[in-house]
1. So A:Gly169 ticks every box in (1) at negative phi; (2) free of Cβ contacts under 8 Å to residues at least 24 places away in the same chain; (3) over 17 Å from the mean Cα position of the chain (by Cα) but one. Which box is left unticked?
2. Restricting attention to strands (runs of 3 or more DSSP E) lying wholly within region B:1-82, give those where 1 or more residues are more than 27 Å from A:Gly26 (Cβ to Cβ), within 12 Å of chain A (Cβ to nearest Cβ) and open to solvent by 20 Å² or more (accessible area, probe 1.4 Å).
3. Looking only at region B:268-295, which residues are part of a loop (DSSP other than H, G, I, E, B) and either closer than 16 Å to B:Glu229 by Cβ or open to solvent by 50 Å² or more (accessible area, probe 1.4 Å) (or both)?
4. Give the residues of region A:231-267 that are at pLDDT below 95, of a type in the set (A, V, I, L, M) and either outside any loop (DSSP other than H, G, I, E, B) or in contact with an Asp or Glu (Cβ under 8 Å, 6 or more places away or on another chain) (or both), sorted by residue number.
5. Name the single residue, out of those in region A:84-94 being aliphatic (A, V, I, L, M) and at the interface with another protein chain (Cβ under 7 Å from one of its Cβ atoms), that is nearest to the chain's Cα centre (by Cα).
6. Just one of (1) within 14 Å of another protein chain (Cβ to nearest Cβ); (2) touching a Lys or Arg at 6+ places or on another chain (Cβ under 7 Å); (3) free of Cβ contacts under 8 Å to residues at least 12 places away in the same chain trips up B:Leu309, so point out which.
7. Quick check: is even one residue across region A:95-118 closer than 30 Å to A:Gly142 by Cα, crowded, with 24+ Cβ neighbours inside 10 Å, within 13 Å of chain B (Cβ to nearest Cβ) and among the small types (Gly, Ala, Ser)?
8. Answer with yes or no whether A:Arg298 is surrounded by fewer than 12 Cβ atoms within 10 Å (Cβ to Cβ), under 27 Å from A:Ala205 (Cα atoms) and basic (Lys, Arg).
2 protein chains.
Amino acid sequence: MREFDFIAAIRRMLGPPRRPVLVGVGDDAAVLAGSRRAEVVTTDTQIEGIHFRREWQPARSVGARAAEITLSDLAAMGARPRALFAALHLPFSIRARDALAVMRGIASAAERHACPVAGGNVAGYHGPLALTLTAIGELPAGRKAFLRSGARPGDGIFVTGPPGLARIGLETLQRTRRPVPRALRPAVRKYLEPRARFEEIEFLAASVRIGAVIDLSDGLAGDLGHVLEESEVGAELEPSVPSSYREACVLLGLDPMACMLGPSDDYELLFTAAKPLTEKLMQAFRRRFRRELWRVGRITKKRGLWLRLPGGGLRVIEPRSYEHRFG
Amino acid sequence: MREFDFIAAIRRMLGPPRRPVLVGVGDDAAVLAGSRRAEVVTTDTQIEGIHFRREWQPARSVGARAAEITLSDLAAMGARPRALFAALHLPFSIRARDALAVMRGIASAAERHACPVAGGNVAGYHGPLALTLTAIGELPAGRKAFLRSGARPGDGIFVTGPPGLARIGLETLQRTRRPVPRALRPAVRKYLEPRARFEEIEFLAASVRIGAVIDLSDGLAGDLGHVLEESEVGAELEPSVPSSYREACVLLGLDPMACMLGPSDDYELLFTAAKPLTEKLMQAFRRRFRRELWRVGRITKKRGLWLRLPGGGLRVIEPRSYEHRFG
């Protein structure tokens with residue numbers, strides 16, 4: 001397929017620009033209506049073989065996942081999305097219909113969050129399929145961004161869904177043959193189909209004073225480690241392992257607590273809140289989102305990341321994040 | 001080098017955030033101060049082996065070139081830069097100091113245009129060095145974006161520098177051994193060190209009613225072709241070949257007119273203007289920028305792209321652009 005045909009197809013796919021996009025695909029740049037509110041901008045890359053595999057999910061789903069992961073960073077700042085930009089690095093060997101399906105996945109996920117795709121770039125090359133997405137959002141009136149540095153001693157630590165489930169999904173995809181055993185399917189779905197938690201954070205911010213927020217892509221210990229570093233505090237974790245993890249972990253020979261704490265691409269939001277969340281709020285969250293809100297521990301003045309053991313003792317944990325290496 | 005060490009080094013390199021950046025590198029996303037003015041956003045990718053070669057220029061210069069090329073799209077819209085975001089895809093084999101030099105080049109070029117680097121992403125992979133940059137700008141008060149669709153029959157067509165010079169530079173790099181002959185050095189420099197033409201377009205917009213604008217990356221015929229298509233008009237070209245091209249083209253065995261019209265990464269701005277530019281303005285431009293403002297032809301109601309021959313006849317030209325292909 002030729003570049004300009006591809007761009008023309010994308011332009012038709014996206015339709016005419018709509019607010020806040022004044023000029024969309026087809027010029028040197030996009031034009032967005034001005035906004036008095038503070039803007040939030042994030043860029044994220046998904047590379048085949050590193051961040052996803054095309055044999056694990058259809059091209060459209062690859063695109064949707066990349067869009068959700070990028071938008072998740074806006075949700076973690078308490079921002080609402082305004083526009084998404086997609087730079088595609090396409091292997092020369094990709095089928096045109098797969099390239100278009102990736103784009104359709106990006107656009108449909110963005111649509112789910114009322115966020116128009118306003119522009120991007122396309123280049124063919126000798127390399128893996130790579131998607132670099134940039135999302136622009138804005139903070140609602142009167143809100144300051146939820147930063148990693150916002151945690152204070154005494155805050156409770158919560159997660160908008162069970163941490164580590166995506167790790168179980170990833171291990172399943174890496175180890176087991178298809179079809180995936182029924183007990184492991186929710187975990188696989190969690191890994192392949194993350195969702196940016198805009199509604200969840202809005203729901204919570206309406207009732208609770210939010211401290212720090214981060215989205216879980218490195219796992220509970222790794223991402224909480226970023227919060228502790230930026231906030232200059234420590235934390236004590238006392239997470240209860242979801243009962244559903246036990247069967248899944250037996251099937252895979254994994255330690256459930258290691259899954260909860262270690263690297264995992266959950267894209268749930270981890271947040272801290274000054275006052276204890278009421279049982280009523282926890283219930284309302286459960287009813288609305290059909291998911292448990294997880295209380296995993298509390299922020300301490302004493303630095304370091306500590307795990308409360310069943311016997312009552314404390315064990316120090318080394319935050320472990322996935323890190324890209326080169327050179 | 002480890003990812004978080006690299007990001008920490010970039011954070012030190014960039015220093016504390018400054019307006020309009022409120023939160024820069026180190027959180028889930030960057031925060032920019034709100035702007036009432038229409039925003040302009042562009043994303044562009046430079047890939048090793050496709051868009052640049054590391055044996056042709058130092059790593060720092062690769063980064064600077066990518067930043068200038070991305071910012072050039074803002075200039076072509078009549079926007080002023082506010083912030084730049086850099087997503088780096090780093091081959092596992094890259095030396096850490098080269099990766100940092102790329103970033104330093106990006107930051108220094110952005111600095112030249114008073115544009116802070118506010119965030120980005122870094123990933124290691126098996127593939128070529130690739131830089132995806134996203135620039136956010138805003139339109140000055142009272143200005144509408146300069147679009148490709150703004151050309152009207154009767155407009156003159158101008159370029160902020162000699163079109164095709166970068167093509168001669170590229171051919172030089174591809175064909176000749178080092179050291180580069182003196183007569184070819186300006187062309188090589190033009191190819192390797194493009195500059196976003198913010199000052200030029202501001203200077204011109206202060207005196208002339210600007211019609212369409214596009215930055216030259218596909219060459220005069222190719223990029224003018226985009227303008228003609230979006231503006232639903234035609235054009236007649238009567239360009240004079242710069243005298244300096246003749247010696248260079250003899251050395252390389254190239255046709256000077258083909259260099260002027262064909263694919264070339266000049267990143268000069270091509271613009272149309274309703275009234276003839278006065279000799280006084282042309283002189284003022286020359287004095288200020290030490291470069292000729294090129295009048296290359298005029299917009300016609302009759303569709304198609306036509307070249308006025310020395311004998312007075314007209315020849316139709318096929319706009320030819322570099323197109324990425326895949327699939």
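The values are calculated or read from the model by the stated rules, or taken from the named source; none is laboratory data. Model, not experiment: these values are computed from the prediction. Glycine gets a Cβ as well: all are built from the backbone with ideal geometry, and neighbour counts include every protein chain shown. Surface areas here come from the heavy atoms of the whole protein model, side chains and all, with no ligands, DNA or RNA. Shrake-Rupley method; radii C 1.70, N 1.55, O 1.52, S 1.80 Å.
1. Condition (3) is where A:Gly169 drops out.
2. So the answer is B:21-23.
3. B:Lys275, B:Pro276, B:Thr278, B:Arg290, B:Glu292
4. Answer for region A:231-267, where residues must be at pLDDT below 95, of a type in the set (A, V, I, L, M) and either outside any loop (DSSP other than H, G, I, E, B) or in contact with an Asp or Glu (Cβ under 8 Å, 6 or more places away or on another chain) (or both): A:Ala248, A:Val250, A:Leu251, A:Leu252, A:Leu254, A:Met257, A:Ala258, A:Met260, A:Leu261.
5. Within region A:84-94, the match that is nearest to the chain's Cα centre (by Cα) is A:Ala87.
6. Answer for B:Leu309: the failing condition is (1).
7. Yes, the conditions are met somewhere in region A:95-118.
8. It is false that A:Arg298 is surrounded by fewer than 12 Cβ atoms within 10 Å (Cβ to Cβ), under 27 Å from A:Ala205 (Cα atoms) and basic (Lys, Arg).
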